[in-house]
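The values are calculated or read from the model by the stated rules, or taken from the named source; none is laboratory data. Not measured: the values here are computed from a predicted model. In this analysis, Cβ positions are derived from the backbone assuming ideal geometry, glycine residues included, and neighbour counts consider all displayed protein chains.
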Amino acid sequence: MTVAQARRILDRYEKIATRADRTRDAALLAEVAAGNVLERQTAGYRQYNALPQHERAPFARPTDYRSPAFHIPSGAPWFLVTATRAAPAPQPTVLVFARESGAEDEARAGRETRAGGKRTGEGVETAEGKGTGEGEARAEGRRRTNGAREGRTVTRWRLRVALPLQAAGPLPRIATTRSRLATEVDATAGSGGPRPRPYDVQRAYEDLWQTGGTDEARLLAPNAVTKEARSTYRHRDDELGAEGARRYFVPVSPRHRDSYALRTADGGVLAVVPLAHEQWLRVTRPDYQITPSDEEAVYDPAPRSTVISTFHGQALAHLPRQGRPTVLSAKYALVDSR
């Protein structure tokens with residue numbers, strides 16, 4: 001992977017994501033996004049008519065990232081981009097694109113493309129950064145299917161992470177080798193080494209929602225991101241008043257478990273880890289029921305004694321060589337309610 005190829009992948013994502021957002025076309029967005037990013041954004045598509053006007057506005061804005069810097073780890077099937085999202089106000093953002101290969105997946109995508117009769121935009125981004133040309137969706141679908149029959153593997157790159165910087169200050173500088181490549185760090189649950197590890201950040205941040213930060217969250221350095229989560233927990237029942245209901249947050253297993261980490265110049269780690277929890281709204285009196293919010297009602301509009309809503313997300317954290325980890329960004333989306 002070269003910087004020029006990575007830039008073409010970002011450019012293609014911007015063009016297709018802009019069209020997908022304006023028409024709320026989940027199938028089109030899936031050409032360039034996957035995992036938690038795709039799940040969060042398509043949840044917004046589904047909830048669009050239930051959202052207040054100010055939350056609908058971002059769907060009409062172009063996807064435009066300025067001044068991108070590409071951090072490409074040697075030998076890894078992914079790369080990280082630091083850039084500034086232009087609208088509605090300049091916002092430093094971290095993006096991760098990952099390579100996906102597989103004839104079976106590509107054949108399925110070809111069948112879905114033909115069945116839906118939709119344009120896929122500029123085609124499949126290969127490791128060489130080549131596109132197939134706009135308006136060739138049906139032909140491209142046939143080529144993918146034929147490729148599967150012939151045993152060829154087609155490669156595409158999809159966005160897996162998009163996290164705006166929420167904490168004050170600049171991002172930590174990424175370490176590079178003499179070849180200007182970044183160094184990948186194992187961020188999975190089984191990663192060894194002394195605490196804290198990237199995986200520990202997931203449990204520590206979710207503890208802010210579950211207990212207000214009395215247990216695992218003591219691992220984290222306090223900042224605006226942790227303060228917001230603590231405040232939400234502290235005031236979780238305020239709006240319920242005397243309605244006879246209470247709110248609880250329960251950690252659950254993330255649907256998408258992608259983790260990414262790079263070595264930083266200070267000897268630490270910049271990591272992206274998955275997040276997930278359920279929000280339980282439960283009545284405390286047998287003669288009461290809860291009416292779901294407009295967004296929750298998209299999934300189940302029926303009044304009930306308990307409303308369980310699922311939120312999936314991702315966190316960006318800096319784990320310095322010395323000191324406590326700092327959560328730089330944490331974003332969730334409502335993805336289900338029952």
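Just a few scattered comments:
- For the stretch 284-319, the set of residues classified as within 16 Å of Leu334 (Cα to Cα) and not in a strand (DSSP E or B) consists of Pro292, Ser293, Asp294, Glu295, Glu296, Ala297, Val298, Tyr299, Asp300, Pro301, listed by residue number.
- Applying a threshold of 7 Å to beta carbon distances and a minimum spacing of six or more residues, or different chains, the list of pairs starting in the stretch 307-327 at a residue that is within 24 Å of Ala43 (Cα to Cα) and ending at one that is in a strand (DSSP E or B) and at pLDDT below 95 reads Val307/Ile290.
- Among the residues examined, Thr284 qualifies as surrounded by fewer than 15 Cβ atoms within 10 Å (Cβ to Cβ) and not assigned by TED's automatic domain parsing to the domain that holds Val96.
For every residue, the table says whether it meets (1) small (Gly, Ala, Ser); (2) buried (at least 17 other Cβ atoms within 10 Å of the Cβ); (3) assigned by TED's automatic domain parsing to the domain that holds Ser309.
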residue: Ala27; (1), (2), (3): yes, no, no
residue: Gln41; (1), (2), (3): no, yes, no
residue: Ile72; (1), (2), (3): no, yes, no
residue: Pro77; (1), (2), (3): no, no, no
residue: Ala87; (1), (2), (3): yes, no, no
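- Of the listed requirements (1) crowded, with 17+ Cβ neighbours inside 10 Å; (2) at pLDDT below 95, Val96 misses just one: (2).
- Test set (1) of a type outside the set (A, V, I, L, M); (2) under 18 Å from Gln210 (Cα atoms); (3) surrounded by 14 or more Cβ atoms within 10 Å (Cβ to Cβ) - Asp266 fails condition number: (2)
- Condition met for Val272 (surrounded by fewer than 20 Cβ atoms within 10 Å (Cβ to Cβ), in contact (Cβ under 8 Å) with a residue 24 or more places away in the chain and not polar (S, T, N, Q)): no
One line per residue, one yes/no per condition, for (1) on the phi > 0 side of the Ramachandran plot; (2) within 23 Å of the chain's Cα centre (by Cα); (3) part of a helix (DSSP H, G or I):
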site	(1), (2), (3)
Leu208	no, yes, yes
Arg218	no, no, yes
Ala229	no, yes, yes
Glu239	no, no, yes
His256	no, yes, no
Ala271	no, yes, no
Pro274	no, yes, no
Glu278	no, yes, no
Arg282	no, no, no
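- Lone unmet requirement of (1) more than 24 Å from Arg7 (Cα to Cα); (2) touching a residue at least 60 places away in the same chain (Cβ under 8 Å); (3) touching a Ser or Thr at 6+ places or on another chain (Cβ under 9 Å); (4) not aliphatic (A, V, I, L, M) for Arg46: (3)
- Residues that are of a type outside the set (A, V, I, L, M) and without any contact (Cβ under 8 Å) to a residue 60 or more places away in the chain within the stretch 294-306 comprise Glu296, Tyr299, Asp300, Pro301, Pro303, Arg304, Ser305, Thr306, listed in sequence order.
- Where Val201 falls short, out of the listed (1) farther than 19 Å from Ser329 by Cβ; (2) in contact with a Leu (Cβ under 9 Å, 6 or more places away or on another chain); (3) surrounded by 14 or more Cβ atoms within 10 Å (Cβ to Cβ): (1)
- All helices (runs of 4 or more DSSP H) inside the stretch 1-80 with 3 or more residues being more than 14 Å from Arg160 (Cβ to Cβ), at pLDDT 95 or above and out of contact with any Phe, Trp or Tyr (no Cβ under 6 Å at 6 or more places or on another chain): 3-23, 35-47
- Each residue in the stretch 9-25 was checked for being closer than 20 Å to Ala50 by Cα and buried (at least 20 other Cβ atoms within 10 Å of the Cβ), and 2 pass.
- Count of residues meeting criterion [in a loop (DSSP other than H, G, I, E, B) and hydrophobic (A, V, I, L, M, F, W, C)] in the stretch 241-254: 2
- Pairing each residue of the stretch 24-42 that is at positive phi with any residue that is buried (at least 21 other Cβ atoms within 10 Å of the Cβ) and not hydrophobic (A, V, I, L, M, F, W, C), provided the two are 6+ apart or on different chains, yields C-beta distances under 6 Å for Gly35/Arg160.
- Residue within the stretch 64-71 that is in contact (Cβ under 8 Å) with a residue 60 or more places away in the chain and hydroxyl-bearing (Ser, Thr, Tyr) present: no
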